[in-house]
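Encoded as structure tokens, the structure appears first; notes follow it.
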Amino acid sequence: MIPSFQNIHLKFQLDGNYFNREELKEVAYSFVKEGKPYEQIMGDFLIDWLNDKEYIDVFTSGSTGKPKSIRLSKQAMVHSALATGDFFGIHPGDAALQCLPSNFIAGKMMLVRAMILGLELDLVVPTSNPLENLEKKYDFCAMVPLQVENSLKHLHNIKTLIVGGAPASNSLVESLQGVSTNIFATYGMTETITHIAAKPLNHLPKGEKGHYKTLPNISVSVDDRNCLVIDAPRITGEKIITNDVVDIISETEFDWLGRVDNVINSGGVKLHPEQIEEKLHLFIKHRFFVTAVDDEQLGKKLILLIEDEKQKLNTAALLKTIQNSKKLSKFEIPKAIYTIKKFVETDTGKVQRLKTLEVL
């Protein structure tokens, strides 16, 4: 019996052309030999996907530590693609856009979904503004928040959009409310073969926030740290214990609060930086995050770190605005604000908080 990961759906198209398995191998070799850098990366992945091995080796993003190589079952990747298709109502013949780099799992899975679900997949250079020169309408697409922010004028050309890689800011979410596209934030990681849950970012009743809902055949719970535990038997043989603090609503729904690694104990009060950052987005246009430094009285003192390349930000005025806003509790107000010209990032553009703090 041929494993399902070796099957290419009859309706699968790549840049407007149909390919069977052998023809797709030729495309992969052509990409590697003659393609642009983003096509070469996709070609390498296609060669790995189309060989007879039952697994592929991929690297994690490195957002919370050094990137590491992990092995993923191709059959599990097929189950992930099918679950995404069921959850978002994706059908054979739907048009999809691949605008993410294929060197990490999110980009790889767009191609897997297309081959397994029978999508008409178009490739574009993974830029920060991928829709800028496109007129075609698409049924499905995945982006990171920066791409969404730069594509607001063109999002109406996409029916369903998933957003991952980093949390969407409050200001971005507000700007999405009048967009016709069905837009979802996703939760996942390389170990879960991209997302295992999603929540709506628009088309919600005013004042309401959506909850993360798991994809089919996935359930969630928490450990004694209140961190998310994922049970996805079709994707991984063991439960995945995360470092993400959550509120469990049901075995298929949860709210994400932040990373347990980031929790700050300041004077006996536990603070979740990600929750504070949501409120601070109202006042800050630059990239920023809150963290803590040692303090004799409090143990840890909450500070705000802002990326300011030109070093012209008036931090004293900003701090006064935050203090007078009444949007934050007295414990959530930073004790000091610092600026730095450039944050330390991973290869995928995620901010590395600890390394950035080290160069402050």
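Laboratory data are not the source of any read-out in this text; all were calculated from the coordinates shown. If you're wondering where the values come from, they're calculated on a predicted model, not measured in any experiment. Because the Cβ atoms are built from the backbone with ideal geometry, glycine has one as well, and the counts that use them run over all protein chains shown.
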If the convex hull is drawn through the Cα atoms of segment 207-299, its volume per residue in Å³ | 151 Å³
When the charge dipole of segment 56-138 is computed with +1 at the Cβ of Lys and Arg and -1 at the Cβ of Asp and Glu, the Cα pointing farthest to the positive end, of 67, 112, 98, is that of 67
Report, in cubic angstrom per residue, the convex hull volume of the C-alpha atoms of segment 176-231.
-> 112 Å³
Can you count the Lys pairs in segment 266-313 whose Cα atoms are under 20 Å apart, with each pair 8 or more apart or on different chains?
-> 6
Leaving out same-chain residues fewer than 8 places away, which aspartates and glutamates sit with a Cα under 19 Å from that of residue 25?
-> 15, 34, 39, 44, 48, 52, 54, 57, 120, 122
Let me know the Kirkwood hydrodynamic radius for segment 23-113, please, with Cα pairs as the basis and the value in Å to one decimal.
-> 14.2 Å
Scan segment 266-300 for GluC sites (Glu not before Pro) in coil per DSSP, keeping those whose Cβ has at most 13 other Cβ atoms within 10 Å, and list them by number.
-> 296
How big is the equivalent ellipsoid of segment 152-201 along its three axes, where each semi-axis is √(5λ) from the Cα gyration tensor, reported in whole Å from largest to smallest?
-> 21, 12, 8
Using θ = phi - 60° and Karplus 6.51 cos²θ - 1.76 cosθ + 1.60, couplings along segment 30-46 (whole Hz; Gly, Pro as x) = 5, 4, 5, 7, 10, x, 6, x, 5, 6, 4, 5, 5, x, 4, 5, 4
Gyration tensor verdict on segment 260-355 (Cα atoms; rounded if a/c is under 1.5, prolate if a/b is larger than b/c, oblate otherwise) | oblate
P(r) tail fraction, the chain - alpha-carbon pairs more than 38 Å apart, % | 20 percent
For residue 213, the aspartates and glutamates lying under 19 Å Cα to Cα, once residues fewer than eight places off in the same chain are dropped, come out as 86, 191, 223, 231, 244, 247, 251, 253, 255
